[in-house]
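Working notes, beginning with the structure itself.
Taken together, the values in this text are just the output of simple stated rules run on the coordinates, not laboratory data. Since the model is a prediction, treat every value here as computed from it, not as a measurement. Here the Cβ positions follow ideal geometry from the backbone for every residue, glycine too, while neighbour counts run over all protein chains shown.
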Amino acid sequence: MIGTVLEERYRVLSKLGAGGMGEVYLVEHLSLRRQEALKVLHPSLAETPQFVLRFRREARATNRLQHPNIVCVYDFGQLTDGRFYLTTEYVDGQQLDKLLGKGPLAPSRVLRVVAQLAEAIDHAHAQGVIHRDLKPENLILVERRGHADILKVLDFGVAKIIAPEYKESLQLTNKDEVSGTPQYMSPEQLRGDGIDPRMDIYAAGCIAYELLVGDVPFTGATMEIVYKHLRDQPTPPSQRRPEAQIPEELDAVVLRCLEKDPARRFQTGKDLLAAIERVPGYSSHRPGSGRRTAVVLRPNLAETAAAHAAGVATTIVDGKGASTPPPSATDEDALRSYWAALRVVAEGLLDHGHSDIQLIIGLTSFRSLLDELARCDAELVQVETRSFDLEQAARERESSFRFALGELRFARIEALGQPMPTLDAQIAEYEQRIAQTAQDLEIDLTLTTEQAINLTARRATLEERVGEIASAIAKLVDEGLPKYMEPLRTETAQLLTAERAVSRRRR
């Protein structure tokens, strides 16, 4: 098939893989000039009318899943040789099962990944779609607009489309068959008790466990794994890997996902996400929440210095009587912390009666530039968020049009070649809408990219000016510190003590 054109719009570039359900190819959509994945299902799946009906119904349901963390289903249909196909978003990243080959992940990274998985699960379940075969092999981490570890979930709903014909299903007895992968299957799924969305929550717990520990909760031969899922309690992740310092709150989240009784688990992905957000060490994964604004946007710089006990503030507490040199410009967070602490100490000198006119003028400019830098960072976040929203909205529109187009083409196939002018006109209209959506997105993204470039250049200039003024202020602070050392040391120590108390209460 390599090099051939399917359905007059997909050029087959290479084969990505094969399995019991069929084959997966990398294709190029000829008019959109974009690479996508085309899944061609096994010919035997098209032999029964029941499968054809279910395929169309479930493909339609899966297309409704429009979420940044779920690989989108764009199109479906039937090739001339009778095989059914699905066209999906192609993501080029790192599969979690391959990543696990290098060892377990840090707890903070696991939190970011599983939080996104929880959001994807919640969205899919709200649309009435259950995955039923979540596992690291179906999860890919990609980089998007400078953000690493953006999760993409593959094959949401495909398990339901192809089961029970799925040839990689687990055979428990001669008559009972369930689809899934034993290491990640819930007790009720293994018993064949029916379809329950909370089986995806259980699988998420198994995945989180493996990411933390480097191994699944239960191991052994297939039937041994099955019996352990049904009867045994998993060892807490922190006991399996004590050197990782896994928070007890994270232990509790994972173990609740792995409850045997579905009623004792988190009931929705939203519930799971809320629990993850309460675990110490969690930080947002969402594009648009850039970390670089964390320091400069805080209005109370005394709190900033206490929260970032580094640079000048730490020097004062140690009693050395001089400011430390600024961190490297490549360490952005540390540099911002240094500037914030320097500002606090300079303001403290003035508050204690130091009347250096150069320090007053320099500090005024310093404050103004830091505020301007904060506004610039905020604008960059807004531009980034707008770009993200534009891409997501365009993807939803395009996916809707393309799927409707698939339905129309399918109807034309069923017409057995009979002329249908109205149908052909509708097909032409949707093709035009799809092309227009892509053009509109390109124009919008060009504008936001230009904004981002201008803001980035402005930000670099501001940072350079802030650095120059900070150097001058640091010299003036060094000259003024000896006279006011004792009261400043006491005041800063009190700030740090208060911040530590607040931090303990938050935990």
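A few points about this structure:
- The local environment of Tyr25, defined by Cβ-Cβ distances under 15 Å, has a net charge of -2 under the rule Lys, Arg +1 and Asp, Glu -1.
- Spatial extent of the stretch 94-277: Rg and Dmax, with the Cα atoms as the point set, Å: 15.5, 51
- The relative contact order of the stretch 94-277, computed from alpha carbon pairs under 8 Å that lie at least 6 residues apart in sequence, is 25 percent.
- Legend: residue pairs Lys15/Lys270; Lys15/Lys135; Lys135/Lys260; Lys39/Lys228; Lys15/Lys260, Cα-Cα distance threshold 30 Å; pairs beyond threshold, Lys15/Lys270; Lys39/Lys228; Lys15/Lys260.
- Taking the centroid of alpha carbons for each part, the stretch 1-78 and the stretch 94-120 are 27 Å apart.
- Prolate/oblate/rounded label for the stretch 1-90 (Cα gyration tensor, a/c 1.5): oblate
- Footprinting exposure proxy for Val113, Val381 (fewest neighbouring C-beta atoms within 10 Å first): Val381, Val113
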